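Have a look at the structure below before the remarks.
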Amino acid sequence: MYYGLITISVFMFGINFLFNNRYQKESGSSLGATLIFTFFGNLVGLLVLLVINRFQFDVTLFTVWMAGLATLNSIAYSFCSLKAFEHINLSLYSIFAMLGGMVLPFVVGILFYHEPLTVGNTICLLLIAIALACTLKRGEKKNGFIYYAGVFVLNGMSGVISKAFQAAPYAKTNAAAYSVWIAILSIVVSGTMLLFMLKKIKKPTAKALAYVAGCGSINKVANYLLLLALAVLPASVQYPFVTGGTMIVSTVISFLLGQKPSKREIFAIALSFLGILALVFIT
């Protein structure tokens, strides 16, 4: 069941990468574009999460604190993502995002939460890291390192914060209510910042808002499903699965959009698939 939840979220993340990239091309990568992306994306995501949580507003102090950390991390990640697209293509961006999203929760889970370091998850981690390296394209700009380093760290921290929330012994809400509070705080923070920048912000196009709505709803549901699975599965298992699966889905989506995958990308998909099989079937 829980591997099924992760698989659904993987499909969602693959689509989300596409929407994020299209929004950057439509609106740019300024702080204003980031805040609009965060505000409207979380507004749409909040409505979806409220339906999932049956419009309940459960709250604990620990939940709000962790939701605040997740909010700040998310806004910083969105800013670094949009800035990174100025310097690198979707391929290289995905490498930094997915490596960070895989490696940091893996290491934290092993070192601080005593998750088992098995042959399966070790093989999976190595195969997917090699697969990501195979998709690297040359000819990228050298500058902008701080932004894609930020993408690596902040996307990884998203999983670390989720793991910390689920594993903590303090009084807390369920996963849906926690996700609701992240959305609420994201709206408050980004909305407050937008008020001070109204005169400087370019009005978003209808197409840009459509991409934001897609990102907001898909991302919130996908992360909610990961939180549910994280209550049972170790982070060192879940996040390599997510990374490898997202690589496969992203490539398939590109193929369906008329972008023929290269031999290296096909090889990377095969390695990712083998990594996932090792994770699931080798102990």
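The values are calculated or read from the model by the stated rules, or taken from the named source; none is laboratory data. Please read these numbers as outputs of a predicted model, since none were measured by experiment. Quick reminder, even Gly has a Cβ in these numbers, built from the backbone with ideal geometry, and neighbours come from all protein chains shown. Quick note on the areas: whole protein, heavy atoms, side chains included, nothing else; ligands and nucleic acids left out. Shrake-Rupley method; radii C 1.70, N 1.55, O 1.52, S 1.80 Å.
Among the residues making up the range 187-236, those that are hydroxyl-bearing (S, T, Y) and either farther than 19 Å from L47 by Cα or touching a Cys at 6+ places or on another chain (Cβ under 9 Å) (or both) are T192, T205, S236.
Among I130, I182, I161, which is open to solvent by 70 Å² or more (accessible area, probe 1.4 Å) and in contact (Cβ under 8 Å) with a residue 60 or more places away in the chain? Working first, answer last.
Working: I182 fails: open to solvent by 70 Å² or more (accessible area, probe 1.4 Å); I161 fails: open to solvent by 70 Å² or more (accessible area, probe 1.4 Å).
The unique qualifying residue is I130.
Of all residue pairs spaced 6 or more apart or on separate chains, those with beta-carbon atoms under 7 Å, a first member in the range 219-233 that is closer than 10 Å to F13 by Cβ and a second member that is among the aromatic types (F, W, Y) are A222/F13. Residues that are assigned to a helix (DSSP H, G or I) and either at pLDDT 85 or above or under 14 Å from G14 (Cβ atoms) (or both) were ranked within the range 252-264; the one that is most open to solvent (accessible area, probe 1.4 Å) is L256. Here the helices (runs of 4 or more DSSP H) wholly within the range 1-94 that include at least 3 residues being more than 25 Å from F255 (Cβ to Cβ), under 15 Å from the mean Cα position of the chain (by Cα) and aliphatic (A, V, I, L, M) are 61-84.
For the range 1-29, residues that are hydroxyl-bearing (S, T, Y) and without any contact (Cβ under 8 Å) to a residue 12 or more places away in the chain total 0. Just one of the listed residues (V232, V221, V212, V249) is open to solvent by 40 Å² or more (accessible area, probe 1.4 Å) and either touching a Gly at 6+ places or on another chain (Cβ under 8 Å) or β-branched (V, I, T) (or both), and it is V232.
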